[in-house]
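Chemist: Mind looking over this structure? Questions follow.
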Amino acid sequence: METFRNVSNNNLTRLVFTNNSIEDLTADAFQELNYLGYLEMSQERKLNISTLKMSFRSLNKRRMNNIIFKNNAWNRFPIDFFSDFRNYTMKRISLYGNEFRNFNGSLLSYFSRINTLNIARNEIVFLNARGLHAVTELTLFDNYIFEIPNFCANDAGQSLVPRLSRLDLTDNLIRKLLSTSFNCLDNLKHLILDKNRLQTLENDIFSRLTNLKMLWISRMCHLFVVKKRAFRLPSLTELIFSHNRFYFKRELFNHLPSLKKLDLTNNFLSKFPVNINRLFYRLSNLTTLNLQGSRIKILPEGLFQKMPFLKILNLKDNRIVAWSRNVFENLTSLRHLYLDGNHIRIINESSFPSQLLRALLKFDISHNEFWCTCAQRWFVDYLRSSNISIILNDWPDFYQCVYPEEKKGILLVDYKPTNAECSKWSPVFTIVIVTVSSVFIVTVVLMLIFNCNANIRNLVYLLRVNAWKRKGYVIFNSSESCEYDAFVIYCDSDRQWVHYDLLNRLEENGLKVCVHQRDFDIGESIIDNIAKYVGKSWKIIVVMSNNFTKSEWCQWEVDFVQERRRRHGKEALILIMHSQIDSSHMTTSIRSLLDTTPHLQYQKGLGEDLFWSAIMKAVKKPLKHPPVSVL
């Protein structure tokens with residue numbers, strides 16, 4: 001190649017070819033580039049790989065430390081492609097964005113050391129790790145890998161990748177982790193499994209990774225089950241378990257004594273403070289805790305005091321309105337506190353200890369629902385008399401009043417309550433209170449009259465059940481012979497309500513519930529699974545809605561369980577009208593079922609507790625008791 005003849009004796013260290021339609025390179029192409037350390041060939045789809053291999057002979061191997069061949073649509077290399085680099089060290093090799101389907105690691109066996117190998121965004125289904133003994137960091141994100149590659153050289157446990165410390169498998173098709181998945185990865189310190197299709201994390205699934213420091217498991221939309229000892233990792237210091245929309249209801253972090261950073265962004269924590277305390281009470285070494293978007297309403301007392309080294313606490317985008325004065329007491333290490341995007345109305349003298357406010361380096365309470373009333377006076381006065389505004393994020397633009405109406409949109413910095421308006425009781429307040437109370441009472445009465453038909457009927461049901469029991473009604477059978485108390489039939493569009501409301505309510509009351517997305521056997525047909533688990537269940541719960549009537553599978557399931565109704569009576573089915581079915585979507589089979597079997601009407605808000613009480617009674621009561629509801 002004559003291209004570089006005129007640049008002899010130069011100090012060029014970096015050379016990039018992008019979309020030049022290069023077809024061939026000569027064996028002496030890089031002869032004059034003695035200082036070249038970075039070579040990139042991108043979008044060179046016409047390049048003859050054989051001539052590229054020959055050109056390696058002219059590279060100064062001692063200087064070369066970065067080889068980037070990306071987005072070239074290559075799908076194979078000759079096995080000796082890198083043979084000219086025998087016993088040389090490479091800082092980075094990137095084959096990003098090509099079309100490899102089966103990647104043979106023997107291609108890279110010539111190198112004595114490779115710090116980073118990036119073969120992301122290919123079409124890799126199978127990876128042969130033999131030959132990757134020199135690799136320290138391996139990036140495989142955005143491929144089609146469906147199981148963890150085998151990194152063992154033999155049955156004795158000898159590793160093919162003894163230097164591997166970081167493995168990135170983000171955005172692949174991995175559905176299941178086996179007990180042998182992480183064999184022969186003794187030196188792995190950082191594992192990334194984000195955006196895969198895992199459904200379950202079994203007990204001790206990561207226990208073979210004895211040196212693991214960082215584990216990232218995020219954006220797993222199919223993850224529903226995490227066993228109690230799944231995270232038994234004494235060496236782990238960082239766990240990123242974010243954006244999984246996972247409902248935490250058990251102590252999953254009891255076996256992480258070294259954990260320093262925990263990120264649970266966009267998951268669901270229990271609404272009960274005692275359960276939140278149980279979840280975290282053994283994490284005494286945490287320095288960073290991220291609970292952003294976790295639906296927290298109440299901050300538990302005494303929780304953060306068990307974390308004496310906590311420096312960063314993120315409670316952004318929750319539903320927090322207020323908290324006890326003890327919540328933030330004695331947090332001597334805390335330096336960053338984020339409470340933005342909540343429903344905080346008033347900040348007063350008891351909200352934060354003065355020593356904490358003085359110690360903070362970053363403080364964010366923006367985008368809250370501040371009330372500009374006299375109750376806010378302490379905070380606005382403190383803002384003016386101290387230097388706290390220096391550490392406030394987004395101050396002052398996103399600290400606005402939302403109440404009362406006449407002050408809506410006013411910045412807190414501009415709200416200046418006077419002694420006169422805050423020291424006397426105005427007759428106007430009395431008039432407002434009386435008026436609002438009267439309107440509220442009238443509204444409640446009207447709501448009870450017009451919106452509580454279902455609740456009244458559910459109450460009648462409960463009274464009838466108790467009346468039958470007082471009369472000594474005979475119980476003919478019980479649920480003790482069944483594996484499950486209830487089997488739930490529902491359409492996919494109602495999944496969130498079923499999993500996060502219905503399922504949690506039933507299981508918190510000691511009932512065992514079967515749902516297909518969690519409990520069905522993998523590998524068996526849907527029909528066989530339905531027949532098997534319906535037979536194991538005491539009652540059948542049918543969650544109906546417009547989308548339910550449009551689903552052929554749901555219609556088939558309804559027809560299937562009619563046999564249970566014929567054998568055990570209408571008490572064997574529990575019908576829930578999750579949302580009213582339009583007449584245009586009503587089918588003959590659903591109409592027949594509703595005409596012959598009473599059902600419960602779900603109603604959020606007022607009367608919701610009555611609805612849940614009726615559901616519990618319906619599931620627990622023996623057959624031959626009174627109907628679930630009389631409509």
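Chemist: Checking the a/c ratio against 1.5 first, then a/b against b/c, what shape does the Cα gyration tensor give for the stretch 1-148?
Modeler: Prolate is the answer for the stretch 1-148, as a/c is 1.5 or above and a/b outweighs b/c.
Chemist: Checking the cross-link filter: which aspartates and glutamates have an alpha carbon closer than 19 Å to that of Lys176, excluding same-chain neighbours under 8 positions apart?
Modeler: Once the sequence-local aspartates and glutamates are set aside, what remains near Lys176 is Asp142, Glu147, Asp168, Asp194, Glu202, Asp204, Asp519, Asp521, Glu524.
Chemist: Quick one: what are the phi-derived ³J(HN,Hα) couplings along the stretch 126-131, Karplus 6.51/-1.76/1.60 with θ = phi - 60°, whole Hz, x for glycine and proline?
Modeler: Values, residue by residue: 10, 10, 8, 7, 5, x Hz.
Chemist: Report the relative contact order of the chain, percent, no decimals, based on alpha-carbon pairs under 8 angstrom and at least 6 residues apart.
Modeler: Values: 1332 pairs, mean separation 32.3, N = 631.
Relative contact order for the chain comes out at 5 percent.
Chemist: Could you calculate the contour length gain from Asn348 to Arg86, that is, 0.36 nm times the residue separation minus the distance between their Cα atoms, to one decimal place in nm?
Modeler: 87.4 nm
Chemist: Excluding residues fewer than 8 places away in the same chain, name every one of the aspartates and glutamates whose C-alpha is closer than 12 Å to that of Lys249.
Modeler: Glu507, Glu508
Chemist: Taking θ as phi - 60°, what are the ³J(HN,Hα) couplings along the stretch 58-67 by the Karplus curve (6.51, -1.76, 1.60), each to the nearest whole Hz, with x for Gly and Pro?
Modeler: 8, 6, 7, 5, 5, 8, 5, 9, 9, 10
Chemist: Moving to a separate point now. For the chain, return all DSSP H helices satisfying: extent of Cα atoms along own axis at least 15 Å; mean Kyte-Doolittle hydropathy at least 0.5.
Modeler: Taking the DSSP H segments of the chain (at least 15 Å long, mean hydropathy at least 0.5), we get 427-451.
Chemist: As a test of the formula, what do you get for the chain when each DSSP H run with n ≥ 4 contributes -39,500 (n - 2.57) and the sum is divided by the residue count, at 222 nm and rounded to the nearest 500 deg cm²/dmol? Intermediate values should be presented prior to the final figure.
Modeler: Working: 14 runs with 142 residues, N = 631.
It comes out at -6500 deg cm²/dmol, rounded to the nearest 500.
Chemist: Under a point spin-label approximation (7 Å from Cα along Cα-to-Cβ), what is the Arg567-Ser579 distance to one decimal in nm?
Modeler: 3.4
Chemist: Between Asn326 and Gln355, what's the calculated FRET efficiency when r is the beta-carbon distance and R0 is 22 Å? Round to 0.05.
Modeler: Working: r = 14 Å, r/R0 = 0.64.
Given R0 = 22 Å and the Cβ-Cβ separation, E is 0.95.
Chemist: Related question: Can you tell me how the stretch 86-215 classifies by the Cα gyration tensor, rounded, prolate or oblate, using a/c under 1.5 as the rounded cut?
Modeler: Values: a/c = 1.72, a/b = 1.23, b/c = 1.39.
Oblate, since a/c reaches 1.5 and b/c is not below a/b.
Chemist: Continuing with the same structure: Determine the sum of side-chain charges near Arg295: Lys and Arg each +1, Asp and Glu each -1, restricted to other residues whose C-beta is under 11 angstrom from that of Arg295.
Modeler: +3
Chemist: Expressed in nm to one decimal, what extension gain is obtained for the pair Val442 and Glu483 from 0.36 nm per residue of sequence separation less their Cα-Cα distance? Provide the component values of the computation, followed by the final result.
Modeler: Details: separation 41, 0.36 × 41 = 14.76 nm, distance 4.88 nm.
Computed gain between Val442 and Glu483 is 9.9 nm.
Chemist: Here is a follow-up. Of the listed pairs Lys91/Lys316; Lys261/Lys407; Lys297/Lys512; Lys261/Lys297; Lys195/Lys536, which have alpha-carbon separations greater than 31 Å here?
Modeler: Beyond 31 Å between Cα atoms: Lys91/Lys316; Lys261/Lys407; Lys195/Lys536.
Chemist: Is the C-alpha gyration tensor of the chain telling us rounded, prolate or oblate? Criteria: a/c under 1.5 is rounded; beyond that, a/b larger than b/c is prolate, otherwise oblate.
Modeler: Cα axes put the chain in the oblate bin.
Chemist: Sticking with this structure for a sec: Below 10 angstrom from the Cβ of Leu593, what's the summed charge of the other residues (Lys, Arg +1; Asp, Glu -1)?
Modeler: On the way: positive: Arg565, Lys570, Arg591; negative: Asp559, Asp595.
Around Leu593, the surrounding residues sum to +1.
Chemist: Now for a separate question. Stretched out fully, how many nm does the piece from Val402 to Glu552 gain, at 0.36 nm a residue minus the Cα gap?
Modeler: Using 0.36 nm per residue and subtracting the Cα-Cα distance, I get 49.2 nm.
Chemist: Between Thr435 and Asp501, what FRET efficiency follows from the Cβ-Cβ distance if R0 is 41 Å, with the result rounded to 0.05?
Modeler: With R0 = 41 Å, the Cβ-Cβ based efficiency is 0.70.
Chemist: Between beta-carbons, use under 15 Å as the cut-off and find the net charge around Leu356, counting Lys and Arg +1, Asp and Glu -1.
Modeler: +2
Chemist: Compute the FRET efficiency between Lys306 and Arg245 as 1/(1 + (r/R0)^6), taking r as their Cβ-Cβ distance and R0 = 30 Å, and round to the nearest 0.05.
Modeler: Efficiency, from the Cβ-Cβ distance: 0.65.
Rule-based calculations on the coordinates, nothing more; no lab input. Note that the coordinates shown come from a computational prediction; the quantities given were computed from them, not determined experimentally. Cβ: placed from backbone, ideal geometry, glycine included. Neighbour counts: every protein chain shown.
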